[in-house]
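Readers should treat all values here as calculations from the given coordinates under stated rules, not as data from a laboratory. Everything numeric here is computed off the predicted structure, so don't read it as measured data. In this analysis, Cβ positions are derived from the backbone assuming ideal geometry, glycine residues included, and neighbour counts consider all displayed protein chains.
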There are 2 protein chains.
Amino acid sequence: MKSRIETDGYGRKKVIDACMEPCAIERGMRIIGGKWTGSLIYHLKDGPVRFNDLNRLLGGATKKMIDQRLKELEARGMVLRTVINDRPIAVTYELTELGRSALDILEDLRLWSEKYDIR
Amino acid sequence: MKSRIETDGYGRKKVIDACMEPCAIERGMRIIGGKWTGSLIYHLKDGPVRFNDLNRLLGGATKKMIDQRLKELEARGMVLRTVINDRPIAVTYELTELGRSALDILEDLRLWSEKYDIR
DNA sequence: CCAACAGGTATAAATAGTATACCTGAAATA
DNA sequence: TATTTCAGGTATACTATTTATACCTGTTGG
C-alpha cells in the first residue's frame, strides 16, 4: 500500500493512502539524524578514536551526549567499543561495516552543506 | 585549520585540532535532520501539496510540528508557501531549487534505511 | 441545522538535550 | 610529597523541543 496524491482541476492535491507509520526517511533520520550522531559517525571514518578525543572533536556536545549516542550506535551494531587497556583505562570506538555503510550519505550531506553554505 | 588525529604506538589516537564549532555534517543535519523535516521535504518531491495533506502523509507528526517545520524551511528558502484560494482557504507548499537540492541525500537515506532494514 | 473540512493556534505534559560537577585510578608536574 | 591532569565515564538539575489534545474561524455538503 503506497501513499499517493491525486490532483483536482485547481492544482490542489489530495492524499490517497497516507503512510501511518514513520516512512524509511524518518526511520533513517532517527538513527543518523539524532543530534551529534552524524558527526560522531563521520569522525570515526578514519579508524578507532578514543572517548575523550571524540568529545574534543565534537567540541559542543557534552560527554553525556557522546556517551548516549555511542551506546545507541553500539546497540544498533554501527559502532564497536573496545577496551584496549585497563590501568590506565583506554577505550576506542570504531565503525562496523553497518556503520561504514552510512558514510556516503554523510559525505554527501557534508558536501551539500558546504556547497549551499548551510549555517 | 583542519582537525586531525595522531596515533601512538598502542593504536591509540589523539586529536590535534578539534573543530570548535559545529562542522558541516552537523550544520546540515540541523536543517534536514530535524524531526520530520526530511520526510516533509521528501513528500514534496512530486509537486505542491496542501497543508492538511502533508499532515496526513506524515501521520504521526502533529499539525503544530508540520507548521513549525514548514515555516523553518520557508525561512531558509527551501519551501515556497502559496495561497491558491481564499474562501475557502487553500494553501500549497512546494520545494524551491534549494529544497530540491536536498532530495538526492534523502533518496539515498531512504534506500539505505530500506537496504539495512532500519527500524 | 449539523457535521466535516480547510489551515492553522493554545495549552499542558512528556521527552530530549545542556551545563556543571563529580567519581576512581594512574601518571605527570611542582 | 602534594597537586594537578588525564582516562572514561556518571549524577543532578535545568532548559528546550516535541507531543497530545483541544480549540478557533470560515466554508461547504447533506
Return the distance in nm (one decimal) between the two label points of a simple spin-label model at B:LYS35 and A:SER101, each offset 7 Å from Cα along Cα→Cβ.
2.7
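Given a Förster distance of 41 Å, report the FRET efficiency between B:ALA90 and A:GLN68 from their Cβ-Cβ distance, rounded to the nearest 0.05. Write down the numbers at each step before the final one.
On the way: r = 44 Å, r/R0 = 1.06.
Here the calculated transfer efficiency is 0.40.
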Every other copy gets compared here: list the nm distances from the B:GLY60 label point (7 Å along Cα to Cβ) to its counterparts, shortest first, one decimal.
2.7
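Within 10 Å of each Cβ in peptide B:104-111, how many partner chain Cβ atoms are there on average? Round it to a whole number, please. Could the numbers behind the result be given before it?
Values: counts 3, 8, 6, 2, 6, 14, 7, 3.
Per residue, the average neighbour count from other chains is 6.
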Axis-nearest residue of A (beta carbon) for the A-onto-B rotation, whole Å
A:GLY33, 2
Past the 31 Å Cα-Cα mark, which pairs from A:LYS71/B:LYS115; A:LYS63/B:LYS35; A:LYS35/B:LYS64; A:LYS63/B:LYS45?
A:LYS63/B:LYS45
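Looking only at other chains, what is the average number of their beta-carbon atoms within 10 angstrom of each beta-carbon in B:49-55? Walk me through the numbers before you get to the answer.
Details: counts 5, 6, 0, 2, 8, 3, 2.
Whole-number average of other-chain Cβ neighbours for B:49-55 is 4.
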Once you keep just the Cα pairs under 8 angstrom separated by 6 or more residues, what percentage relative contact order results for the stretch A:33-115?
33
Residues of A:34-45, mean number of Cβ from any other protein chain within 10 Å of their own Cβ, rounded to a whole number?
4
Quote the FRET efficiency, to the nearest 0.05, computed for A:ASN52 versus B:LEU111 with a Förster distance R0 of 41 Å and r equal to the Cβ-Cβ distance.
0.70
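Taking the convex hull of the alpha carbon atoms in the stretch B:34-115, what volume per residue do you get, in Å³?
Details: hull volume 7.6 nm³, N = 82.
Each residue corresponds to 93 Å³ of Cα convex hull volume.
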Mind checking the dipole of the stretch A:33-115: about its Cα centre, +1 per Lys or Arg Cβ, -1 per Asp or Glu Cβ, Debye to the nearest 20?
360
Other copies of B:ARG87: label-to-label distances in nm, shortest first, labels 7 Å along the beta-carbon direction
8.6
As I understand it, the dipole of the stretch A:33-115 uses +1 on the Cβ of Lys and Arg and -1 on the Cβ of Asp and Glu, about the Cα centre. Which of A:ASN52, A:SER101, A:SER113 lies farthest toward its positive end?
A:ASN52
